[in-house]
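> The following block contains the structure, expressed as structure tokens.
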Amino acid sequence: LMRNFTERFENEDEELTAAVSPNSRVSLLKSMWTNTKARDSPTVWCNVNLADHSKALPDIPFDSRSEKEVLRERRSRNNKCILYIVFIGAITLIIIGSAIAYQKPGGSPDPSSSATTSTASFNPSLTFVITADTYRPADESFLNDQLYNLPKDASFLVHLGDLSQSKTSLCTRSIYSDASSLLKASSLVTFVLPGEEDWNNCPKPSTALTYWRENLGSFEKNFELKDMPPIEHAFNRVENFAFFWDGILVLGLNLVDGTVQSEEEWSKRHIENVQFTEQNLHNYRLELKAVLLFGHAR
């Protein structure tokens, strides 16, 4: 309710309040409001208690906001409370779930779940031989001698490429057939990967890679494979190979250094290398403990 007061009506108000019944005070206030406005006196807003004759009226603060604004603020406050409760509940569930996951039924921590114990239990034994860059006459002679004296406890041999030097050999077909004949003398199952001197740096890279694939692709098939696990080669890229040996994924990829002859070819080859790797990681994901990756260049 509105009530208008001025200094000149302070004494009159006390008398009128005592003389007029509560039911007629509304009309009295309306009259006082009209008379005050007619005198152009200043307007003062306060709360008016019409329930009794007490002068000690309650001081209820005046809110200038609209009802919609008040409701909007109330909803916003309620939403914040709900979000806070949901957040606290989620944190509590996470803590409880973590505690259950890392406890045995008896309540003690499960040591088998620790990374240290899991790693310590994996103790594979895989012995192999690697060689590369045997394009000089002295290297070829050395390799020829070593192929007959390879360690007997090794499981396989991997030649990482560069069987000749492209500037001198010009990557003719005979270079690859001669290398094939030399490596067939190995006492171990032998895998061969191409290096940049085997095709990328050759005068005709695509032709050189064709020669390499004809003579050295899937080279392990020249040996008895009864002690080897199944060997997989990439589709349309016979130089890439993979096999799974006692928890270890062994991968060989066509990774070379040297001049980028074709951006398109390099990009496509790298994409196919990644796809071949990802596919094998997926195939053995449940048993995989380690990855052994072979390539001529990083």
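Readers should treat all values here as calculations from the given coordinates under stated rules, not as data from a laboratory. Keep in mind that this is a model prediction, so the values were computed, not measured. Neighbour counts are summed over all protein chains in view; Cβ atoms, including those assigned to glycine, are modelled from backbone coordinates with ideal geometry.
> Residue by residue through region 245-251, which ³J(HN,Hα) values in whole Hz follow from phi under the Karplus form 6.51 cos²θ - 1.76 cosθ + 1.60 (θ = phi - 60°), with glycine and proline marked x?
Once rounded to whole Hz, the list reads 10, 6, x, 10, 8, 9, 10.
> When only alpha-carbon atoms count, how far does region 221-261 stretch along each of its three principal axes, as whole angstroms with the largest first?
40, 24, 17
> Name the residues of region 166-193 whose amide N is less than 17 Å from a point 7 angstrom out from the Cα of residue 292 along the C-beta direction?
187-193
> Anything over 18 Å Cα to Cα? Flag those among 152/226; 184/221; 226/289, in the order listed. The partial results should precede the final answer.
Details: 152/226 16 Å; 184/221 10 Å; 226/289 24 Å.
Over 18 Å apart, Cα to Cα: 226/289.
> Cβ neighbours within 10 Å, averaged per peptide: list 168-180, 217-229 in order, most packed at the top. Write down the numbers at each step before the final one.
Details: 168-180: 16.8, 217-229: 13.6.
The peptides rank, most packed first, as 168-180, 217-229.
> Assuming 0.36 nm per residue, please report the length gained on full extension of the stretch residue 238 to residue 178 beyond their Cα-Cα distance.
Residue separation times 0.36 nm, minus the Cα-Cα distance, leaves 19.6 nm.
> OK, next. Just grab the label-to-label distance for residue 265 and residue 141, each label 7 Å out from Cα along the Cβ direction, in nm (one decimal).
About 3.4 nm, to one decimal.
> Using a Förster distance of 51 angstrom, determine the FRET efficiency expected from the C-beta separation of residue 152 and residue 88, and round it to 0.05.
Details: r = 66 Å, r/R0 = 1.30.
It comes out at approximately 0.15.
> Explain nothing, just compute: Karplus ³J(HN,Hα) = 6.51 cos²θ - 1.76 cosθ + 1.60, θ = phi - 60°, for every residue of region 225-237 in order, whole Hz, x for Gly and Pro.
With the stated coefficients, region 225-237 comes to 10, 5, 9, 9, x, x, 10, 10, 10, 5, 5, 6, 8 Hz.
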